[in-house]
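Chemist: Sharing a structure here in structure tokens format.
The values are calculated or read from the model by the stated rules, or taken from the named source; none is laboratory data. Quick caveat: nothing in here was measured; it's all calculated off a predicted structure. Neighbour counts are summed over all protein chains in view; Cβ atoms, including those assigned to glycine, are modelled from backbone coordinates with ideal geometry. Protein only, heavy atoms only, side chains kept; ligands, DNA and RNA dropped before computing areas. Shrake-Rupley method; radii C 1.70, N 1.55, O 1.52, S 1.80 Å.
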Amino acid sequence: MKKIIIAIDGFSSCGKSTMAKDLAKEIGYIYIDSGAMYRAVTLYCLEHHLFRTDGSIREEELQRQMKEIHISFRLNPDTQRPMTFLNGNNVEEQIRTLEVSSHVSPVAALGFVRRAMVEQQQAMGKEKGIVMDGRDIGTAVFPKAELKIFVTASAEIRAQRRYDELKAKGQEVSFDEILRNVKERDHIDQTREISPLRRADDAILLDNSHLTIAEQKEWLKEQFNKAVHES
Ligand code: DC
């Protein structure tokens with residue numbers, strides 16, 4: 001069967017990764033979480049003291065160090081889920097903390113960071129047969145993707161999902177803080193100068209505020225079958 005590229009974009013914490021991962025597993029495609037790459041760069045910045053105390057980034061220093069930042073993905077043999085590696089270390093857990101979440105947007109807004117990530121993402125999609133989720137996959141990374149989905153859900157529902165996720169991992173978090181972080185990231189993601197979050201003209205809109213994971217899964221599979229058929 002012909003392989004296609006599937007681009008899944010949307011707001012933070014709206015379940016993009018879950019749906020993209022599940023679909024990729026079911027259809028035997030590679031799954032790439034592009035947000036994990038921006039998170040890994042952010043973790044690198046935190047570990048290398050590239051944030052000033054006022055939260056701004058030492059841009060020139062980061063730009064100089066970009067070539068020393070190597071991000072890769074490997075499948076966890078037990079769960080078959082991809083794990084993110086930063087310079088050879090498994091950072092899958094560390095990149096999901098609230099600390100990384102609250103520092104990632106300004107890092108993802110830097111042109112030289114985006115160019116480096118987009119280049120790597122395009123290389124990963126060369127052979128097609130890939131599901132990638134993020135903010136600019138259908139607009140900047142793969143503007144010719146055969147299937148583009150734009151996912152959204154209300155900020156409150158998204159904050160609740162992230163809250164439940166972090167709680168389940170045993171992290172001490174406040175719902176209000178998470179909601180503030182979700183709204184702030186929405187704002188930064190939509191208003192940044194380079195590749196702001198927006199729906200590509202040919203992306204199919206999915207509001208999953210009131211959909212179960214099973215319903216969403218079925219809907220997505222249908223869109224996939226249609227797209228493969230039409231391509
Ligand atoms: O999807 P996520 O929450 O893990 O993404 C982390 C951050 O990275 C988010 O604030 C926006 C940014 N991002 C981006 O700018 N472009 C992408 N393709 C993916 C994520």
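Chemist: Hey, among Ala123, Ala145, Ala153, Ala108, which residue is exposed (fewer than 15 other Cβ atoms within 10 Å of the Cβ) and either aliphatic (A, V, I, L, M) or touching a Cys at 6+ places or on another chain (Cβ under 9 Å) (or both)? Can you show your working first?
Modeler: Details: Ala145 fails: exposed (fewer than 15 other Cβ atoms within 10 Å of the Cβ); Ala153 fails: exposed (fewer than 15 other Cβ atoms within 10 Å of the Cβ); Ala108 fails: exposed (fewer than 15 other Cβ atoms within 10 Å of the Cβ).
On inspection, the qualifying residue turns out to be Ala123.
Chemist: Any residue at all in the range 110-119 that's among the charged types (D, E, K, R), assigned to a helix (DSSP H, G or I) and under 30 Å from Glu230 (Cβ atoms)?
Modeler: yes
Chemist: Which of the residues belonging to the range 90-112 are closer than 15 Å to Ser195 by Cβ, touching a helix residue (DSSP H, G or I) at 6+ places or on another chain (Cβ under 6 Å) and near the ligand (Cβ under 10 Å from one of its atoms)? Before you say what the answer is, go through the steps one by one.
Modeler: Let us first name the residues in the range 90-112 that are closer than 15 Å to Ser195 by Cβ, namely 104-112.
From what's left, touching a helix residue (DSSP H, G or I) at 6+ places or on another chain (Cβ under 6 Å): 104-105, 107-108, 112.
Within the range 90-112, Val104, Ser105, Val107, Ala108 meet the criteria.
Chemist: Among the residues that make up the range 189-201, is at least one of them among the aliphatic types (A, V, I, L, M), over 24 Å from Tyr38 (Cα atoms) and either open to solvent by 90 Å² or more (accessible area, probe 1.4 Å) or modelled with pLDDT of 95 or more (or both)? Explain how you work it out, then say what you get.
Modeler: The first filter runs over the range 189-201 and keeps only residues among the aliphatic types (A, V, I, L, M), leaving 194, 197, 200.
Narrowing the set further to residues that are over 24 Å from Tyr38 (Cα atoms) leaves none.
No - not one qualifying residue is present in the range 189-201.
Chemist: Sticking with this structure for a sec: Return a yes/no flag: does the range 38-45 have any residue that is buried (at least 19 other Cβ atoms within 10 Å of the Cβ), of a type in the set (Gly, Ala, Ser) and in contact (Cβ under 8 Å) with a residue 40 or more places away in the chain.
Modeler: To start, the set of residues in the range 38-45 that are buried (at least 19 other Cβ atoms within 10 Å of the Cβ) comprises 38-45.
Now restrict to residues that are of a type in the set (Gly, Ala, Ser): 40.
From what is left, the residues that are in contact (Cβ under 8 Å) with a residue 40 or more places away in the chain are 40.
Among the residues of the range 38-45, at least one is buried (at least 19 other Cβ atoms within 10 Å of the Cβ), of a type in the set (Gly, Ala, Ser) and in contact (Cβ under 8 Å) with a residue 40 or more places away in the chain, which makes the answer yes.
Chemist: Restricting attention to the range 10-31, and to residues there that are open to solvent by 10 Å² or more (accessible area, probe 1.4 Å) and touching a Phe, Trp or Tyr at 6+ places or on another chain (Cβ under 8 Å), which single residue is nearest to the ligand (Cβ to nearest atom)?
Modeler: Once the filter is applied, the top-ranked residue is Lys21.
Chemist: I would also like to ask the following. What are the residues in the range 126-142 that are part of a helix (DSSP H, G or I) and open to solvent by 10 Å² or more (accessible area, probe 1.4 Å), if any?
Modeler: We begin by selecting, within the range 126-142, every residue part of a helix (DSSP H, G or I); these are 137-141.
The answer is Thr139, Ala140.
Chemist: Here's another thing I want to ask about it. Taking the options Leu179, Leu206, name whichever one is open to solvent by less than 90 Å² (accessible area, probe 1.4 Å), farther than 19 Å from Arg96 by Cβ and of a type in the set (A, V, I, L, M, F, W, C).
Modeler: Checking each option against the conditions leaves just Leu206.
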